[in-house]
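See structure below.
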Number of protein chains: 4
Amino acid sequence: MATKRKFRFNDFGLGTKPTSKGYRALNKDGSFNIKKVKVPFFNRLNFFHELVTLSWTKFFGFVFAGYLVINFIFATLYYLIGIENLTGIRSSDPTEQFMEAFFFSAQTITTLGYGQVAPIGLAANIVAATESLLGLLSFALATGLMYGRFSKPVSNITYSTKAVIAPYRDINGFMFRVYNAKRNQLLEVEAEVSLSIQRENSHLRDFFSLELERSRVVFFPSVWTVVHPIDENSPLYNLTEKELLDKDAEFIATIKAYDESSLNTVHSRSSYKSHELSWGEKFVYLGRMENDKLLIDVSGIDNTEKADLN
Amino acid sequence: MATKRKFRFNDFGLGTKPTSKGYRALNKDGSFNIKKVKVPFFNRLNFFHELVTLSWTKFFGFVFAGYLVINFIFATLYYLIGIENLTGIRSSDPTEQFMEAFFFSAQTITTLGYGQVAPIGLAANIVAATESLLGLLSFALATGLMYGRFSKPVSNITYSTKAVIAPYRDINGFMFRVYNAKRNQLLEVEAEVSLSIQRENSHLRDFFSLELERSRVVFFPSVWTVVHPIDENSPLYNLTEKELLDKDAEFIATIKAYDESSLNTVHSRSSYKSHELSWGEKFVYLGRMENDKLLIDVSGIDNTEKADLN
Amino acid sequence: MATKRKFRFNDFGLGTKPTSKGYRALNKDGSFNIKKVKVPFFNRLNFFHELVTLSWTKFFGFVFAGYLVINFIFATLYYLIGIENLTGIRSSDPTEQFMEAFFFSAQTITTLGYGQVAPIGLAANIVAATESLLGLLSFALATGLMYGRFSKPVSNITYSTKAVIAPYRDINGFMFRVYNAKRNQLLEVEAEVSLSIQRENSHLRDFFSLELERSRVVFFPSVWTVVHPIDENSPLYNLTEKELLDKDAEFIATIKAYDESSLNTVHSRSSYKSHELSWGEKFVYLGRMENDKLLIDVSGIDNTEKADLN
Amino acid sequence: MATKRKFRFNDFGLGTKPTSKGYRALNKDGSFNIKKVKVPFFNRLNFFHELVTLSWTKFFGFVFAGYLVINFIFATLYYLIGIENLTGIRSSDPTEQFMEAFFFSAQTITTLGYGQVAPIGLAANIVAATESLLGLLSFALATGLMYGRFSKPVSNITYSTKAVIAPYRDINGFMFRVYNAKRNQLLEVEAEVSLSIQRENSHLRDFFSLELERSRVVFFPSVWTVVHPIDENSPLYNLTEKELLDKDAEFIATIKAYDESSLNTVHSRSSYKSHELSWGEKFVYLGRMENDKLLIDVSGIDNTEKADLN
């Protein structure tokens, strides 16, 4: 059996590293509790990636702030060249003239060009021609960013808050449930579950991959209960609830699926620590028939009932 | 043999769930008769996905309505700021002035900017500068949406309306035909067929995956007849037409292919219920040679002729 | 051996169909000599696909013609509404007025909007506002098309014009050469070769997949000689040049690779008929060292020299 | 063992070609020391690819130069048609008039259209209408290029400068370290390592694929030490440092990963020549716990310490 376990040993890339008791490698939302420090700045930088993953509020804030700053810079340029090189300026007050230059800049960078105000002379024309080109390129960038933001595939694979140890056939099983909250269909859904436990009398952690009753489903239109049967080959075999808590166990789940609408593979991950595990409970079935349709009430994803363990 | 069947057991993710007699898991067009209810609203939302999958009529309706509403809002803003802050307004009638503000707004948001009407003063200029930025961003979004809509890979894998039980070598086979109606080439086409039947004296359903004579073809330039040979390992072995009807059988077919022009993998699926199955018929060959070209008349996709079963 | 052959039997999806002598399933450029006829029109249509695969000349012709037609239509609308609803029209000659309306339309649809000519009144303003929205949407479409056209991955896998039967170790082999003419790197290149021969005294064709000495290379920076060793398991074993000509043999090659710059998988295919096969020739090595660089002269891709067969 | 080695023989596509001593097939940055020459020009050309992989400085230089050239051409056209066909020209000096035509062209191609200067008459209007269409199409191209440039997945897999031969369990191993310098998560990371050595008394090179302790990790949040155990099946078995130098060994590493943010597979490669190999050194562990987070100091990627070899 030792060999067997060794065979199923699976480093998820998280390392057999010394960690303190209670350490959680993976948060519930799938982010890691690992941070690289002192990464060289220019290697790290990924301007597009940052702008695509920013929240919408911050993104629009960024765009608006950039718009103000660039117009301010160009207004200053027009002002320095001399306000007399813009036709149609109405005011003779310097501050108001600056404002008019500012709005002229806005009309130029958006290629709006009312023409009420227009540049005269070489310098002002060079600045305006450059600004309109810059406007087009910025807009090209904005178009790419908007597309990049919107076309990101959104998987919203929702995990049950708790996992359970429930009876499974004539043994028991480790189980949790997932469903796809989005309307797009996920296909060829694959799950992998891994167990990380603290080695006895040591600060090291071992990782075991858990064999699943079924690790792939072709369709995923409803709720999928992922099941690891606790047979004699399982690293969970004969372990009690208390032992699992003592070993500071963490169950790491990854789900990979093909998103039919974005045509991309999406990845999702979550984790269950040993205290998020209910022993002797089983999940309640969520479906009912209505007019030849099978309705699945996903709001009951966490509903369990008592069940005697084998 | 029991073991064998167990081995080939294949839950397509549709579940061994109690369903009423006559239930169809998958419609002919590939949509599911399963509906998730009470999905949290914000989880479900996918603005981009909705706008990309909308019909063209609805999409243009949506764009046009949005254009009217936004111009109406900005026209109101210009009107509230005071129509005297727009130069070139011709009318003195309030309604007509509002219309002029409306068209000025349209000229601003599209960055058209004739300049016949133009903003004066701080407030009107701020609104106009904001509107033109908003116009550019909306247009960036529209560009992304248009690209997203057009570049969606369109597989149009057409299934024969009926499947047949026809003689195959010295046994019989379950067969249906498919072809790609689009001009783009599909490559590395893979088929999977699954059988769902009602368990005897039970409301549960079992799923069996059916072994195919050939589950993958490299090219797909013409018509492909997908064949499941009914040998002793087949769950259809020795079953009669009446038994299949009694068991409320459903054949679920999925086809996956690489689309050479969109460079994406496309998925297609359909299903045949037991009453859509013709026993003792075989498909008619559709090709004929003409000037060194092989012509395939796909309009005959459903053509069958009588054939004695083995 | 019969079983073995059966095992390696490989329908490329081209069918064991009756074809006339001399039939070529696949042309040298990878297109098929198979044509689907009577495909329902609306199923077949794929507007985006057509516009993306059109030649550049035709594409620009199409865009320019569309620009003329749309401007003509809108010019007619402005003319019908009444030329007095456009300010700044200079001519009193109807034909010249129509031309001015035409150019005003061009200024509107491109959102250029000089403003020298501008709409007055409800009807002209509605048409102009609609036209500028239409312009933006058309331009969004054009942007998508340009991107779609340019970002198509271009594999330019160049095949040697002839294949050879050359000595290989202590037997002989079927060989051809390929190289990537583009500067982008192809990775994980996989080749598949299939042989199609006419069945004796029959109009049917059999397909055999040919085992390759190496069917995958990780890198593809230079020239790859694809080799099928003609051992006792080969369907070519003991066949003479004349027999191959009589059997009207066709070698179908497909190459699939990951294009590092477009991040897509590209596919390429070609075919060699038996008369494009040189017996007793081997390919000449094309490399030479220069300053620690290995130079490969790809212009010699077809260079062969005599070689005694085993 | 000979058979075994033959089995693991792996041509990376670099060829068993005669090369001079000290030849490096792959540079540290992953580029090849192989150059194809005499590639037919039109086959080689890939306009989009060049513009997408150009440095940003060159890209903007190219755009700006193109802008100047096109405006110069159109200014010449307007000038040839006759400056009197543009309204609003202020100067009577030919050079200044040409400059005004130049800026009018810039206002037209960017669809800015102030309207201070505007075309009159057929010829000038035709040129202006054509120029604005050309402007829109160029801008469509620029948008695609910007998106293509920004959305390129950037893997920045950083390799340790040196590889080591370090103790591994009760034998030794060939090891190097890698980490992902970007913030985006890489998943399903796969490594392949190959050894290229000069054949004794020959100019030919042999390639061996090296078996890894672990060739795939699911997550890659920190540093991964890639290990090839030097057991009796390893082509490195019993080889000394001097022998490796004599054989002019080159270790070729390729890493392939799924980039969660760009949703693409990224490839990276590097190589270690025998003189870049430290014998009897092992890599130092880089992690430390801080507030339940594991911090990895990647600046120490090259840190090694003495270690006695087995």
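For the rotational copies A and D, the chain A residue with its Cβ nearest the relating axis, together with that separation in Å, is A:115, 3.
With r as the distance between the Cβ atoms of residue A:306 and residue D:162 and R0 = 60 Å, compute the FRET efficiency 1/(1 + (r/R0)^6) and round to 0.05.
Efficiency, from the Cβ-Cβ distance: 0.50.
Model label sites at residue B:200 and residue A:38, defined 7 Å from Cα along the beta-carbon direction, differ in position by 7.2 nm.
Calculated from DSSP H runs of 4 or more alone, at -39500 (n - 2.57) each and per residue, what is the 222 nm mean residue ellipticity of chain D, nearest 500? Don't skip to the end; give the middle numbers.
Working: 7 runs with 96 residues, N = 310.
Estimated from H runs of four or more residues: -10000 deg cm²/dmol.
Which whole-number percentage describes the relative contact order of chain C, with Cα contacts under 8 Å and a sequence gap of 6 or more? Result for chain C is 20 percent. Using C-alpha pairs under 8 Å with a sequence gap of at least 6, the mean separation divided by the residue count of the range B:180-220 gives a relative contact order of 50 percent. A DSSP coil position with no more than 15 other Cβ atoms inside 10 Å describes the following trypsin sites (Lys or Arg not before Pro) in the range C:78-178: C:90, C:169. Based on the alpha-carbon gyration tensor of the range D:204-245 and its eigenvalue square roots a ≥ b ≥ c, which shape applies: rounded if a/c is under 1.5, prolate if not and a/b is larger than b/c, or oblate? Prolate.
In the range D:177-279, which chymotrypsin sites (Phe, Trp or Tyr not before Pro) fall in coil by DSSP and have 16 or fewer other Cβ atoms within 10 Å?
Details: sites: D:179, D:207, D:208, D:219, D:224, D:237, D:251, D:258, D:272, D:279; in loops: D:237.
Here the chymotrypsin sites (Phe, Trp or Tyr not before Pro) that fit, given the DSSP loop and packing criteria, are D:237.
Give the shape of the range B:238-310 as rounded, prolate or oblate, defined through the alpha-carbon gyration tensor: a ≥ b ≥ c are the square roots of its eigenvalues, a/c under 1.5 means rounded, and otherwise the shape is prolate if a/b is larger than b/c and oblate if not.
On the way: a/c = 3.61, a/b = 1.32, b/c = 2.73.
Oblate.
Relative to one another, the C-alpha centroids of the range C:273-295 and the range C:231-249 are positioned 24 Å apart. Using 19 Å as the Cα-Cα cut-off, could you pick out the over-long pairs in B:162/B:306; C:273/C:306; C:256/D:256; C:162/C:182; A:36/D:28; C:28/C:162? As for pairs spanning more than 19 Å Cα to Cα, those are C:273/C:306; C:162/C:182; A:36/D:28. Scanning chain D for long hydrophobic helices, with DSSP H runs required to stretch 24 angstrom or more by C-alpha along their axis and to average at least 0.5 on the Kyte-Doolittle scale, returns D:56-81, D:122-151.
Label sites at residue A:278 and residue A:241, each approximated as a point 7 angstrom past Cα along Cα to Cβ, lie 1.2 nm apart.
Residue-normalised convex hull volume from the C-alpha trace of the range C:185-272: 99 Å³ per residue.
If one computes the Cα centroid of the range B:134-168 and of the range B:193-215, what distance in Å separates the two points? Taking the Cα centre of each part, the range B:134-168 and the range B:193-215 sit 30 Å apart.
Peptide A:28-41: average number of partner chain Cβ atoms within 10 Å per residue? Show your work: numbers first, answer last.
On the way: counts 0, 0, 2, 2, 7, 6, 9, 8, 15, 9, 8, 11, 5, 1.
Mean partner-chain Cβ count within 10 Å for A:28-41: 6.
With a 10 Å cut-off between alpha carbons and a GNM built on chain B, which of B:92, B:105, B:151 moves the most? For chain B, modelled as a Gaussian network with Cα springs under 10 Å, the answer is B:92. Across peptide A:279-289, the average count of Cβ atoms from other chains found within 10 Å of a residue's Cβ is 2. For the protein assembly as shown, the normalised intensity computed at q = 0.07, 0.08, 0.09 Å⁻¹ comes to -0.89, -1.14, -1.35 (log10 of I(q)/I(0), Debye sum over alpha carbons, equal scatterers, no solvent). Averaged over peptide A:126-139, the number of partner chain Cβ atoms lying within 10 Å of each residue's Cβ comes to 6. Hydrodynamic radius of the range C:42-151 by the Kirkwood approach over all distinct alpha-carbon pairs: 15.2 Å.
Entry note, the range B:42-151: relative contact order of 29 percent, from Cα contacts under 8 Å with a spacing of 6+ residues.
Which log10 I(q)/I(0) values does chain A give at q = 0.11, 0.12 Å⁻¹ under the Debye formula, counting every alpha carbon as one identical point scatterer? Debye intensities relative to I(0), on a log10 scale: -0.80, -0.88. Taking B:215, B:202, B:278 as the candidate residues, the one with maximal mean-square fluctuation in a Gaussian network model of chain B, Cα springs under 10 Å, is B:202. If you find the alpha carbon centre of the range C:82-115 and of the range B:47-98, how far apart are they in angstrom? Value for the Cα centre distance between the two parts: 24 Å.
With the simple spin-label model, which puts each label point 7 Å out from Cα in the Cβ direction, the residue C:93 to residue D:50 separation comes to 4.6 nm.
Among B:37, B:178, B:226, the largest mean-square fluctuation in a Gaussian network model of chain B (Cα springs under 10 Å) belongs to B:37.
Any read-out appearing in this document is the output of simple, stated calculations on the displayed coordinates, not a laboratory observation. All values derive from a computational prediction rather than experimental measurement. As a convention, Cβ positions derive from the backbone with ideal geometry for all residues, glycine included, and neighbour counts pool all protein chains shown.
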